[in-house]
Each structure stands twice: as structure tokens, then as C-alpha cells.
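The values are calculated or read from the model by the stated rules, or taken from the named source; none is laboratory data. Note that the structure is predicted; figures quoted are calculated from it, not measured. Note: ideal-geometry Cβ built from the backbone for every residue, glycine included; neighbour counts use all protein chains shown. Protein only, heavy atoms only, side chains kept; ligands, DNA and RNA dropped before computing areas. Shrake-Rupley method; radii C 1.70, N 1.55, O 1.52, S 1.80 Å.
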Amino acid sequence: MKPQDAGEPRQPPVLFGLPAPEKPADVSGFDGAALYAGVVLDSSVPHLDRVFDYSVPEELSDAAQPGCRVRVGFAGRSMTGYISERRTQTSVRGSLRPVSKVMSSQPVAQPVLQIARLIADRYAGTLSDVLRTAVPPRVARVDKEFADRALPEDRGGLPVAQDILASGDSLRPQLLRRYVDGGDFVDHLASGGSPRAVLTSLGGYGQDNWAAEISHAIDVVMNSGRGALVVVPDARDLAVLETALKERIGADQFVRLSAEDGPTPRYRNFLKLLHGDVRVAIGTRSAAYAPVRDLGLVCLWDDGDSLLSEPRAPYQHTREVLLLRAENERTAVLLSAFSRSAEAQRLVETGWAHSLHSDRAVLRERSPRVLHTSDSFQSSIDPLARTARIPHSAWSVAKIGLENGPVLIQVARAGFAPVLACAACREIAKCRGCTGPLALSARGAVPTCRWCGHPDKEFRCRHCGDSNVRVVTLGAGRTAEDLGRAFPSFPVVSSSGDHIVDHVPDRPAIVVATPGAEPQTERGYAAALLLDGDVMLNRESLRASEEARRRWFNAAALVRSAVDGGTVAITAKDSMSVASLVRWDPSGAASRELAERREIGLPPAVRSASLTGSPESLAVFMDGLDLPHAVRIAGPVAVEDTRAVATSRLLLFFSFQDAAHVVRQLKERKSGQSAKRLTEPVNVRLDPSDGV
């Protein structure tokens, strides 16, 4: 190797715009092995989001393969990272530090590096942040189980097994064929193709539920010689899907990836997928990166659920991860839900995906009857229907339903009385310590802060000085108590907050639940009351109406069909969202919502970025930023911050055509400011789920 001047830097500077070295070194040694390794550091610092070169000692050469965890020296301290590649060239003019240790010979990052980089670039984040989500923590004991095993070669897709196709699916229920274009989707999938579809499911309960429909698609793609990946929002959905898959393909044909299972099972299942022991993975958010061999299908259940949005930087949404992965690996896509998000509808309207939905005849056969208690007809019968929390017509629905089975009562909030106000001036009652909202945990309880838990035994309104409080919103606990007195002959089950019930028996009972906590029942609910609809619609969010529809459809889908006597009563005032539930038309509602967003230039018709920081740091961040003229800037405006410091937020709205340029500018500005440390950091969040 040609000696270098001792005064030259070990690594090229990390700031942008500096010249590259004149000529890279090209060296190989010990039997032609590459002497260098590119390493991605496990660091969230934006200006360190790049590949650093290290030399590979001869004794580590066999173990230091792309994707392996390693330990290296950096800036005077030891850091972990992943090898991105081995090569014979380096751009560094000077001696390189060696890789200190290979922590694991398992190339866990190799199959996810490409999709992780795409996600990092799309969300203006760092590669290490995405890898921290994608790759489970190492467990040394599990590493030893796979230590002597080599990875299977990438076969680039398997040929379609026609003999399996001829027999494997013929004896199973053709659940997806009951939807318009569902048969074409199945046939295309079975032939080895990669169709893309958005399914509006009617499978709320029983053996033909939504999980059985997804299991049908997985069975078909497995018979075509390929693997599959399914992501669901939470552990309850995962348990339902696991039960359906065990019945359809067998328990030994898939693994689950969930942080709730603990580090050892999660890491072992990850390595099983990496080594090709199984080719079907199911799990929650982070499972979207599962290293499934010969991946042929990615599925996502209920893409509108906020749990699918990563709460840590770079705040990626699971739907976008799977869509990018499908594009990158040319796989089939199935987005399934009872309702339909505006993002899913956009995929349909742009022609990227097909819509799988039921025709009107099937809807009349399988959906429940929906009663709007505040429509003109019901209001003429009961003038108080618009103001009562549970109108007389809703009481009648519950009473008749209890004669045939369990009745579901959906309420907006958990707790007994989650919101209190001053009895005199009606201002919201807040804690004197942290200004959090006060609530009652039970009848006669002391008002307690929902944020810090501090009881306020001597409440005084800050505005008028009155010491009395009134209940603004009733929670699940208070609702269960009131209904228990109204129907003393029936048991009352409450499912909300920290006490969530998964299943209830198929016998008469009152089940009070918050959205997302509704228990399953084998034959479906006899009836359902959807209360507090106006509370859901009046939330301060761009997605208030969309989220309310999603919650209503998720609950209504658990009710028996109208043919079997199932009835749903909704108490919200007249709105397009209520009308879509009455007609059972989630796709039509999503189409109207998307058209309105497109008209006023709001997501998902456009992309957006939320920048949050101090007013000074935002001004420096935006100064001289190279943005297209079409980018719309809103703000900055002051926002609440628990740290009691001045914080502002600025919103950018830009087209999909300008997105690549805008996101690149935001990412480079983050990196540059991080390296210079001139101001406080600015939090950059792309496509926030609530629109701000």
C-alpha cells in the first residue's frame, strides 16, 4: 500500500460540498479478500448518517460480512454499527482504523439495508434510526443456535408449483372471491403475479372474518412458491390473525414478530426468516422489515390505525414502508380494513391498486341495519333525540338486542368522568400543578389530574374562583354504571383503558367499550349503540371525520347482519360520515374526503412536513432553504410544550412531484446544522398522521 502523509485526515469531512479525494486506493489481501468495510454507525446524529470506511483485520475477515453487527472506534470512543459492504477500494487518504470486533456473524441488516435507506430518505431521517426499528436486539444465546448455518442462496423467485395450485386451494373457502374483482386478484396471485388491491372487508366475526380472508391470500401465494408478510396494529389483532393462520396453513409455517413477545423469541423468529426456515411472517409495526425469503405478498390490516405510525424518528408509517417495499421487491399488495383511509383511496384512484368491495346485494345480505337516531324521521317522533346521549330509539335497539345476544355500547373515552369543567363559567377544570385536565375516577371521588395524577381536593377555578365542578364527558365506567342500573337483569362488561377484554360469551350481556377495545364474540353482537359520535367528530384534527368513520365501521362490523336481526344505532348529528355508515359506503366517503383534500391542497393529496423548534432555530433553518415556488408555507405558530419553553411549528405543503427535492433539502439542512451546532435542533416530521 502506498504510504500517506501523516497529517492527512483519517476520514473525509462530514460537511456537504467538500471535494472528493483524487484517487481511491484499490487493495485486496489475504487470498483476495476485500480489506475494507463500509460501516453504518448506530447513531441518530444527522451528520453521521453516512458510511465510514474501516480496515478489516485478517482474523476477522471471514466473520465480518455485509449486514453483521460490529464494534468500531470513532471519535475516541467505541461504537456499534453494521457493515454495509466489503470492498477493495476506499476514498480515505490515510490509514484506517480497524474493525474492533464482530459482535455477531449473522448478517441481520443485509436484507433490510436497501428498504431502510429508502425509508430514511423519504422521511428525512437517518439510516441508523430505521435500522433500530427494523433489526431486533441481538441475543447471544440465539446467535449460537444459528452459528454454523449458512444463508440460502437467493433464488430470485420460485417457479409456480402447478400441482400444488391444482389441489391446495380447491378444498378451502374462497373468501376473497365474494368481493367484486376478488376472483381476479386470487387468480393473478396464484399464477405468480403481483396484483395490488385495497379490500373493504365485511368479515367482522366468526370463521370468515378479516383474518381468514388474509389467510386465504397467504395460502394462495404460498402455493405459488413465494413468501408473505402481514402487519397488524396491535397484539389483539395479531392473536386473531395467528388463530386463523394456524387453521389455514399450520402453526409451523409462519412466525410472529412482536416486541411484546420478548427479545429472545423475536430474535429467534427473525433469524428463522433470515435463514429461510419459514417464509411467512406476521407481526406489529416493526415486522414490516421482516427478511422474508422469496417475498410475494405484503398485507396490512386497518392502515388508518394510528398505532401503525412509528412514534420515534423518522416517524415512518407502516403503510408507506410496505408500499415502498412492494415497489422495490415487486410483490403483491393487499390493504384490508372495514373502513377506507384517504391514502388507500388515493392508491385506487391513481390506478396503483384495484378496489375489492362488495356489491349491493352482498351488502344487504351481510351488513347490519344502521339506525340514525337524529335523522329527520326519528327527530319527528322524539324531539329530544338530538340532545339525549342515549335517545329512546337507541334504548329500544339495546332492549331488543338483549333478547338475542350481547349488545355492544361504544363510547368515546375511558374512565368514569374524563373531562370536568367549572360549574359556574364552564371553563375546563385543570390541575394547578401541570395544567393537565382534571377527571373523576368514580362517583364521589376527588378530582385528579389525568397527566400527573395529583388530586385536587380544594379546586378553585382560575377564571371565576368557583369551587364546584360539572361533568362534561361521560366515560366507559360511568356509562357501564348507568346501563347496569337500567338493565339490572343482564351482566355488564367494561373493556377500556388498562382493562381490555378479548372475548365475551355468546349470550345476552351489555358490553361497554372504547374504540379499539371491543371484545370479539363468536356469532357477532345482536346490536350496537355508537355513542358520543359528535365528540369524535369534533376532535381538533384534520382526520377527525375519517377517524370517527373508522371507529364506527370497526364496531358495526362486529354486529350480525340485518338478515340475522343485527342493528346498529348511531347517535351523532347529521353529517356525511354518518350517512356513509347508514349506506355502508366507506369507499364513497373516502373518495369525497380525498376530493375535498385535493381541492384545498391538504394531505394525502399532497405531501407535508412539520418543522418544530424554537422561533430562532426555525428562522435559521428556513433561511436560504432552496424550495420550489409551489411549496406552500403555513406558520410558524406557537404550540404547547411540556418543557415550558417557547416552541413554534411551521408546516410545508408540496406536491409529490416536488417531494424528492424538498425532502432532500430538509435532510441536508438538518445534517448541516447538526454538524455546525449553531442553533437548537429542529424536529422535522414528514407526512404526520394527523396532518400537522
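For this structure, a couple of remarks:
- Among the candidates LEU273, LEU295, LEU257, residue that is out of contact with any helix residue (DSSP H, G or I) (no Cβ under 8 Å at 6 or more places or on another chain) and touching a residue at least 12 places away in the same chain (Cβ under 8 Å): LEU273
- The residues of segment 63-96 that are touching a Ser or Thr at 6+ places or on another chain (Cβ under 8 Å) and without any contact (Cβ under 8 Å) to a residue 40 or more places away in the chain, listed by number, are VAL70, ARG71, VAL72, GLY73, SER78, MET79.
- Residue count, segment 301-316 (criterion: over 17 Å from ALA244 (Cβ atoms) and part of a strand (DSSP E or B)): 1
- Residues (open to solvent by less than 10 Å² (accessible area, probe 1.4 Å) and part of a strand (DSSP E or B)) located in segment 286-300: GLY296, LEU297, VAL298, CYS299, LEU300
- Sole exception among (1) open to solvent by 10 Å² or more (accessible area, probe 1.4 Å); (2) under 16 Å from LEU274 (Cβ atoms) for SER100, by number: (2)
- All told, ASP534 falls short of being at pLDDT below 90 and out of contact with any Lys or Arg (no Cβ under 9 Å at 6 or more places or on another chain).
- Within segment 664-691, being touching a helix residue (DSSP H, G or I) at 6+ places or on another chain (Cβ under 7 Å), within 30 Å of ALA544 (Cβ to Cβ) and not in a loop (DSSP other than H, G, I, E, B) holds for VAL684, LEU686.
- Segment 249-267, residues that are in a loop (DSSP other than H, G, I, E, B) and touching a Pro at 6+ places or on another chain (Cβ under 9 Å): SER258
- The residues of segment 513-538 that are part of a helix (DSSP H, G or I) and of a type in the set (Asp, Glu) amount to a single one, ASP534.
- Verdict on SER541 being small (Gly, Ala, Ser), over 27 Å from LEU402 (Cβ atoms) and assigned to a helix (DSSP H, G or I): no
- Checking the stated criteria, ARG340 turns out not to satisfy the condition of being among the basic types (Lys, Arg), in contact with a Lys or Arg (Cβ under 7 Å, 6 or more places away or on another chain) and not in a helix (DSSP H, G or I).
- Remark: PRO137 matches the filter, which requires a residue to be out of contact with any Ser or Thr (no Cβ under 8 Å at 6 or more places or on another chain), within 20 Å of SER258 (Cα to Cα) and open to solvent by 60 Å² or more (accessible area, probe 1.4 Å).
- All conditions but one from (1) at pLDDT below 95; (2) touching a strand residue (DSSP E or B) at 6+ places or on another chain (Cβ under 9 Å); (3) not polar (S, T, N, Q) apply to GLY283; the one that does not is (1).
- For beta carbons closer than 8 Å, sequence separation of 6+ or different chains, a first residue in segment 541-554 that is free of Cβ contacts under 8 Å to residues at least 24 places away in the same chain and a second that is open to solvent by 30 Å² or more (accessible area, probe 1.4 Å) and not in a helix (DSSP H, G or I), the qualifying pairs are ALA544/ASN538.
- Selection status of SER105, free of Cβ contacts under 8 Å to residues at least 60 places away in the same chain and either open to solvent by 10 Å² or more (accessible area, probe 1.4 Å) or over 23 Å from LEU271 (Cβ atoms) (or both): yes
- The one condition from (1) open to solvent by 40 Å² or more (accessible area, probe 1.4 Å); (2) farther than 20 Å from LEU271 by Cβ; (3) assigned to a helix (DSSP H, G or I) that GLN114 does not meet is (2).
- Looking only at residues of segment 468-495 that are touching a Ser or Thr at 6+ places or on another chain (Cβ under 9 Å) and modelled with pLDDT of 85 or more, we find that the one that is most open to solvent (accessible area, probe 1.4 Å) is SER494.
- Filtered residues of segment 639-689 (kept if crowded, with 16+ Cβ neighbours inside 10 Å and of a type in the set (S, T, N, Q)): THR647, SER648, GLN665, SER671, GLN673, SER674, SER689
- Qualifying residue in segment 219-227 (condition: in contact (Cβ under 8 Å) with a residue 24 or more places away in the chain, open to solvent by 50 Å² or more (accessible area, probe 1.4 Å) and either out of contact with any Leu (no Cβ under 8 Å at 6 or more places or on another chain) or more than 30 Å from VAL559 (Cβ to Cβ) (or both)): no
- Residues in segment 304-336 that are open to solvent by 10 Å² or more (accessible area, probe 1.4 Å), more than 14 Å from ILE119 (Cα to Cα) and touching a Pro at 6+ places or on another chain (Cβ under 9 Å): ASP305, SER306, LEU307.
- Positions within segment 195-207 being surrounded by 17 or more Cβ atoms within 10 Å (Cβ to Cβ) and assigned to a loop (DSSP other than H, G, I, E, B), in sequence order: PRO195, SER201, LEU202, GLY203, GLY204, TYR205
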